[in-house]
Amino acid sequence: MRTVGDELRAHPFFAGLSEDCMQLIAGCGEHVVFRSGATIASEGSAANEFYVIERGRVALQLHTSATGALLIQTLDAGDILGWSWLFPPFRWSIEARAMQDVHAIRLDGKCLRGKCDTDPAMGYALMQRFSYIMSQRVEATRLQVLDVYGRANRS
Amino acid sequence: MKDPLLPHLVEMQSWQQESELVFTFQVAPPEEYGSFRAGQFNMLYLPGMGESAISISGDPADRNHLTHTVRAVGNVTRALHGLRPPARIGLRGPFGRGWPLAAAEGRELLLMAGGIGLAPLRPVLFQALAAPERYQRVTLLLGARSPEEILYSEQLLRWKSDAGLQFLATVDVASAAWRGDVGVITDLVQRAAINPQQTVAMVCGPEIMLRFCARRLRELGVASDAIHVSLERHMQCGTGFCGHCQLGPYFLCKDGPVFAYPAVEPYLMTQEF
Ligand SMILES: Cc1cc2nc3c(=O)[nH]c(=O)nc-3n(C[C@H](O)[C@H](O)[C@H](O)COP(=O)(O)OP(=O)(O)OC[C@H]3O[C@@H](n4cnc5c(N)ncnc54)[C@H](O)[C@@H]3O)c2cc1C
Ligand code: FES
């Protein structure tokens, strides 16, 4: 059976990290399963972890009084869920819910924060990777906010 | 057709609502119309209202119907929204250069459509799925504003289950009841099984989507000249005379609307005048 370390080493998100880093990171990880419908994180709750999704689909949703739960992004196998563990006040800014049975690796953010503080090179390398995901998300949000398909004209 | 500037009166045969503002209707082709190529368009004319370029969204093999899918946005398209069979409308066409299907033979055919941009790509699907042995794989990646605005959904799911179409759709936003993907179309490229080096891509949708899709496809290793896009500009004559649809050195109605991406990339940031 593949260990958490094996899975993480094979994941593109961690590509290029040193073996020492990988061992530290894998030491903070464990396999978890969420049954379909389960809440993985609720908005405003403490964010002390992030997830590498291995199987299944996760819904990121916001609740508004007007529309109820609004699905604003889905994540699938290979995606990384959660970056709130990196920044104060360390609270989830969105709700994450399993749309199917979800198999994931949970990485303990508290433990990783400590390791990043004592090893800035590893902290920088991780920050670079999360910044990339965030930049992709900003780009996607721009397109969604532009409401490109809803506009009157295609050009 | 004899005089390409002279509309022929044709009769509406069917009319169907697709979503709140989008509808599909069929007309009987005029005599002498012949056939059309996937990606070509007709000019539809309503007396007193004007004329609009509308892609042909049906099966190129069907010589008995011309199908159009329209989003009601302005004079002509709103008026078309209110018509029902057997209303008569003016039609000229077919115009323009279609999708280069021959360039995709023996390779992977990847279609990326946003919103109403699926309309000019549906003829490609009809044609490619009627002869799937000609392609290594046929993939459709679709982006829509919401699940309710996904066009031709039943037919696409049938093609997916019965005709081997690799089909992935994503929407900008959905209610919690939606089981599908939420996100942007460029993210679907990573989720789909494609071999970038073998891929010929055909992309149609809002111009900003074309730019983002082309960028993502290149990042993945799809050759620039294997990316084809369909563009839109306001049109008048449809035949390369009036200059209304000019984009850099090109007249969209005659040289397009389908172009290899590198040919039009420098002009895509340019405002229409
Ligand atoms: C090759 C091609 C294929 C097309 N295929 C389809 C299709 O399959 N389905 C479809 O629904 N549409 C299609 N279109 C788009 C369609 O032709 C336009 O939306 C057309 O303008 C609709 O005509 P209308 O009279 O209803 O709207 P218009 O009255 O022309 O108004 C349409 C929109 O454009 C704006 N507008 C009007 N005039 C100008 C101007 N001079 N400059 C900038 N903006 C202006 C209006 O405010 C409105 O938002 C296609 C266009 C092209 C060029
Ligand atoms: S519409 Fe007249 S030149 Fe293209």
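The values are calculated or read from the model by the stated rules, or taken from the named source; none is laboratory data. All values reported here derive from a predicted model rather than from experimental measurement. Every residue, glycine as well, gets a Cβ built from its backbone with ideal geometry; the counts of neighbours run over all protein chains shown. What goes into the accessible areas is simple: the full protein's heavy atoms, side chains included, and nothing from ligands, DNA or RNA. Shrake-Rupley method; radii C 1.70, N 1.55, O 1.52, S 1.80 Å.
Filtered by the rule that a residue be more than 16 Å from ligand 1 (Cβ to nearest atom), hydrophobic (A, V, I, L, M, F, W, C) and open to solvent by 10 Å² or more (accessible area, probe 1.4 Å), the range B:195-225 gives B:Phe212, B:Leu220, B:Ala223. The set of residues in the range B:64-99 that are hydroxyl-bearing (Ser, Thr, Tyr) and within 13 Å of another protein chain (Cβ to nearest Cβ) comprises B:Thr69, B:Thr77. A single member of A:Glu30, A:Glu49 is crowded, with 19+ Cβ neighbours inside 10 Å, in contact with a strand residue (DSSP E or B) (Cβ under 8 Å, 6 or more places away or on another chain) and closer than 19 Å to A:Cys111 by Cα, and it is A:Glu49. Scanning the range A:131-147 for residues being of a type in the set (A, V, I, L, M, F, W, C) and closer than 24 Å to A:Ser18 by Cα gives a total of 2. Checking each residue in the range B:25-39 for being open to solvent by 10 Å² or more (accessible area, probe 1.4 Å) and either in contact with an Asp or Glu (Cβ under 8 Å, 6 or more places away or on another chain) or closer than 16 Å to B:Leu91 by Cα (or both) picks out B:Gln26, B:Ala28, B:Pro29, B:Pro30, B:Glu31, B:Glu32, B:Tyr33, B:Gly34, B:Ser35, B:Phe36.
Do you know which of the residues in the range B:242-261 that are free of Cβ contacts under 8 Å to residues at least 24 places away in the same chain and open to solvent by 40 Å² or more (accessible area, probe 1.4 Å) is farthest from B:Glu207 (Cα to Cα)?
Once the filter is applied, the top-ranked residue is B:Cys242.
If we scan the range A:15-32, do we find a residue that is touching an Asp or Glu at 6+ places or on another chain (Cβ under 9 Å) and within 14 Å of chain B (Cβ to nearest Cβ)? No, every residue in the range A:15-32 fails to be touching an Asp or Glu at 6+ places or on another chain (Cβ under 9 Å) and within 14 Å of chain B (Cβ to nearest Cβ).
Of the residues making up the range B:230-261, those that are away from ligand 1 (no atom under 11 Å from the Cβ) and either small (Gly, Ala, Ser) or assigned by TED's automatic domain parsing to the domain that holds B:Pro120 (or both) number 4.
Condition test on B:Glu232, is it in contact (Cβ under 8 Å) with a residue 40 or more places away in the chain and open to solvent by 10 Å² or more (accessible area, probe 1.4 Å)? When the stated conditions are applied, B:Glu232 passes them. Would you be able to say whether some residue in the range B:174-194 is of a type in the set (Val, Ile, Thr) and within 22 Å of B:Phe126 (Cβ to Cβ)? Yes, the range B:174-194 contains at least one residue that is of a type in the set (Val, Ile, Thr) and within 22 Å of B:Phe126 (Cβ to Cβ). On the stretch given as the range A:93-130, residues that are away from chain B (no Cβ under 14 Å), modelled with pLDDT under 95 and more than 20 Å from A:Gln23 (Cα to Cα) total 1.
Quick check on my filter: what residues within the range B:100-123 are of a type outside the set (Gly, Ala, Ser) and away from chain A (no Cβ under 14 Å)?
Passing the criteria: B:Pro100, B:Leu101, B:Glu105, B:Arg107, B:Glu108, B:Leu109, B:Leu110, B:Leu111, B:Arg122, B:Pro123.
The residues of the range A:98-115 that are open to solvent by 50 Å² or more (accessible area, probe 1.4 Å) and assigned to a helix (DSSP H, G or I), listed by number, are A:Lys110, A:Lys115.
Within the range A:61-77, the set of residues being open to solvent by 60 Å² or more (accessible area, probe 1.4 Å) and either facing chain B (nearest Cβ under 8 Å) or at positive phi (or both) comprises just one member, A:Thr67.
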